[in-house]
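Report on the structure given below.
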Amino acid sequence: MNSDALSRRRLLAAVGVGVTGTAGCQSLLTTADQSSDDTAETPRTPTAEAPTGGDAGDGGGIYTDVYDEVADAVVSIQVYSGSGRPASGSGFLIDGRHIVTNEHVVSAGDTIYVRYADTDWREVSVAGTDVYSDLAVIDAGTVPDSTEPLSWVDARPPIGTRVVAIGNPFGLTGSVSEGIVSGVDRALRGANNFSIAAGIQTDAAVNPGNSGGPLVDLDGDVLGVINSGGGDNVGFAISAQLAQRVIPALVADGSYDHPYMGVGLSTVSPLIAEANDLRRASGVYINSVVQGGPAVGVLQGSTGTATVNGTEVGVGGDVVRALDDTPTPTRQDLSTYLALETSPGDTMAVTVQRDGATETVELTLGTRPPP
């Protein structure tokens with residue numbers, strides 16, 4: 001989107017920009033966010049001042065422009081389980097009828113309602129979910145005529161990119177906070193001890209109720225789907241790169257198949273390096289090979305343990321140095337390559353250090369088992 005596009009719609013901004021408090025913000029992965037009463041929502045009123053860092057020539061600024069462009073496509077979500085108050089979250093429109101949100105939001109109950117900025121609540125259905133990426137797609141049926149879907153970014157954002165998070169923290173509809181991309185390729189906590197690869201870290205305020213909302217750049221394009229907050233000034237989003245692999249499958253088939261090596265992994269620590277006589281503490285150590293999995297007979301897990309500085313660590317396992325010539329100095333690098341570059345059934349070259357020598361083996365990926 002360009003600056004002309006950002007000026008197409010001028011709404012009255014709802015909330016002051018630059019919210020910094022994240023007190024009480026906890027991981028949002030296991031349960032959906034708890035809804036506040038509708039009376040707690042802040043009505044849309046004109047902002048009194050231009051956002052910090054913006055151009056105040058028209059009484060607003062760049063963050064106001066981004067909000068005005070994006071807010072119509074962001075929805076409030078309420079999920080009812082039949083008992084107690086509804087769980088709540090956020091979502092955003094990606095095409096003429098589909099809304100993206102988090103799996104942990106829609107899994108909180110069986111009856112789901114969404115509301116756009118200027119509509120009443122509408123009951124909707126779930127088109128597909130994927131617990132391993134914490135993504136879900138809602139079939140909204142029809143959407144307001146004036147609402148335009150959001151677009152994804154084309155590439156991974158540089159660290160330091162200025163961003164805006166829009167959603168409904170604590171039931172406060174249409175709230176906006178600003179920050180930067182603090183990190184990329186973060187491993188987010190997922191189901192069954194699997195991680196969600198290629199995550200984005202941000203210092204934009206993220207609180208319960210933001211889950212499923214968009215993290216956008218200053219052009220209004222989506223960098224990621226807000227997933228959780230880990231503490232003051234630490235929030236996370238599922239990257240646009242992973243979302244664009246998963247979401248089309250959820251729309252078409254209702255599910256997504258993740259590639260699967262069938263191993264237990266650790267980033268090589270100084271203690272693992274010392275116990276295994278490695279010259280450098282780098283690479284990914286194979287702790288174990290899952291019985292019946294793709295890596296049986298191909299990769300080698302620990303053959304024993306050793307105690308280093310009072311800590312027991314595995315010894316004798318392979319150390320993965322690269323996948324298809326892509327270096328894997330950390331577990332996050334390995335997970336990112338698997339998630340973004342491979343699919344079940346692919347055969348890849350795995351470069352390992354084994355028994356003091358370097359060799360390359362071929363591994364055909366399986367499909368990650370259901371949780």
_Cα centroid of segment 221-255 to Cα centroid of segment 92-147, whole Å_ = 14
*asked:* Step by step: find N for segment 231-325, compute 2.2 N^0.38 Å, then divide the Cα radius of gyration by it. What's the final number?
replied: 1.42
*Which value, in Å² and to the nearest 10, is the accessible area of Y285 when all protein chains are kept and the probe is 1.4 Å?*
0
*What does the charge count near N233 come to, summing +1 for each Lys or Arg and -1 for each Asp or Glu among other residues with Cβ under 14 Å from its Cβ?*
-3
*Gyration tensor verdict on segment 127-269 (Cα atoms; rounded if a/c is under 1.5, prolate if a/b is larger than b/c, oblate otherwise)*: oblate
*If you roll a 1.4 Å probe over the heavy atoms of the protein chains, what accessible area per residue do you get for segment 104-243, in Å²?*
34
_With DNA, RNA and ligands ignored, accessible area of S343 (1.4 Å probe; Å², nearest 10)_ = 50
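The values are calculated or read from the model by the stated rules, or taken from the named source; none is laboratory data. Just so we're clear, the structure is a prediction, and the values are computed from it rather than from any experiment. Don't worry about glycine lacking a Cβ; one is built from the backbone with ideal geometry, like all the others, and counts go over all protein chains shown. Ligands, DNA and RNA are stripped out before the accessible areas are found, and what is left, the full protein with its side chains, is counted by its heavy atoms. Shrake-Rupley method; radii C 1.70, N 1.55, O 1.52, S 1.80 Å.
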